[in-house]
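Comments concern the structure below.
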Amino acid sequence: MFSFNMFDHPIPRAFQNRFSTQYRCYSVSMLAGPNDRSDVEKGGKIIMPPSALDQLSRLNITYPMLFKLTNKNSDRMTHCGVLEFVADEGICYLPHWMMQNLLLEEGGLVQVESVNLMVATYSKFQPQSPDFLDITNPKAVLENALRNFACLTTGDVIAINYNEKIYELRVMETKPDKAVSIIECDMNVDFDAPLGYKEPERHSQHYEEPAEEDADPSNYEMDLGFRAFTGSGNRLDGKKKGIEPSPVPIDPSDIKRGIPNYEFKMGRITFIRNSRPLPRKIEEDDSASSFIAFSGEGQSLRKKGRKP
């Protein structure tokens, strides 16, 4: 009897416990059945056939089950979890956004392999539309949407549904690896500027400094002034006689318009005094304003008559 060893080296145990097969992939809308499976579109998990569960149960794999999907024709890959094992044999159903990342069409071949991923600690997303800024609390919305995902891959464009509207976000960065598991993890989330977002231009406002003559503090008040004889008189006997005087109309030119404080600063209170500044003295000519002592003329109370 002769025995032949077909392999020079034994197959490593790691490859024996690895699940790897090919399926024809279809979108969830092609899934037959009375139940609506729109929930698959809201996450990052796929539906596989029952034979995959039978094969996975015989292998010593780690849980949760995570898979690497590869399109060999376009050399595109991503990672996902599994939701159910109810698909037809040889077929798997993927979310539409996942098929777009893999550049797959209906009925295309996809390679499915079981993998072990590290737990995520950090991830950064970039919204693909400025409409994402209209959400009041985007981090809370994203945290709630990621509950339907099992893992993230750098470079993927995931889709989340909020208020009956689909928002797409690109995974810009993940730590500690390019593909991470987000099941039961404490992950820090950061956002990049949305695609096509432009910051609003800030126009600097230049104010002209007021002249010294316009900075009179009295101009900050409405000086109506005193108007004489504008009231009505009363008689001692109580009789009303004659025409009551009508009040004099106010001339609009008498109302002085206030001047804004251009030097106003936040947190600073300015008290403006109502005292009017002293009028400026106009300097006269030296000849008129010069003082000369004993230059006046004297006056006498007694009139002196001329002697004859």
- Query: Classify the stretch 101-147: rounded, prolate or oblate, from the alpha-carbon gyration tensor (a ≥ b ≥ c, eigenvalue square roots; a/c under 1.5 rounded; otherwise prolate if a/b is larger than b/c)?
  - Reply: oblate
- Task: Apply 1/(1 + (r/R0)^6) to the Cβ-Cβ distance of ASP192 and PHE271, taking R0 = 45 Å, and write down the FRET efficiency to the nearest 0.05.
- Result: 0.40
- Per its Cα gyration tensor (rounded if a/c is under 1.5, else prolate when a/b beats b/c, else oblate), the stretch 32-87 is best filed as oblate
- Can you give the charge dipole size of the stretch 79-153 about its Cα centre, rounded to the nearest 20 debye, using +1 on the beta carbon of Lys and Arg and -1 on the beta carbon of Asp and Glu? 460
- Task: Give the long-range amide H neighbours of VAL119: residues separated by 5 or more places, or on another chain, with amide H under 5 Å away, using H modelled in the peptide plane at 1.01 Å from N.
- Result: SER181
- Message: Under the rule of at least 5 residues apart or a separate chain, name every residue whose amide H is placed under 5 Å from the amide H of LEU66.
- Response: VAL115
- Query: Do any GluC sites (Glu not before Pro) in the stretch 25-96 lie in a loop, going by DSSP, with at most 10 other beta-carbon atoms within 10 Å of their beta carbon, and if so which?
  - Reply: GLU89
- Between VAL82 and residues 5 or more places away or on another chain, the pairs with built amide H atoms under 5 Å apart involve ILE46
- May I ask you to evaluate 6.51 cos²θ - 1.76 cosθ + 1.60, the Karplus curve with θ = phi - 60°, for each residue of the stretch 136-144 and list the ³J(HN,Hα) values in order in whole Hz, giving x for glycine and proline? 5, 10, x, 5, 5, 5, 5, 4, 5
- Rounded, prolate or oblate: pick one for the stretch 154-207, where a ≥ b ≥ c are the square roots of the eigenvalues of its C-alpha gyration tensor, a/c under 1.5 means rounded, and failing that, prolate if a/b is larger than b/c, else oblate. prolate
- Item | Inter-site label distance for ILE135 and GLU105 at 7 Å from Cα along Cβ, in nm | 3.3
- Item | Heavy-atom accessible area per residue - the stretch 38-191, 1.4 Å, Å² | 51
- Expressed in square angstrom to the nearest 10, the accessible area of LEU83 with a 1.4 Å probe stands at 70
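The values are calculated or read from the model by the stated rules, or taken from the named source; none is laboratory data. Given the structure is predicted, the values throughout are model-derived calculations rather than measurements. Note that each Cβ is placed from the backbone with ideal geometry, even for glycine, and that neighbours are counted across all protein chains shown. Each accessible area value is taken on the protein alone, full model and side chains, heavy atoms only, with ligands, DNA and RNA left out. Shrake-Rupley method; radii C 1.70, N 1.55, O 1.52, S 1.80 Å.
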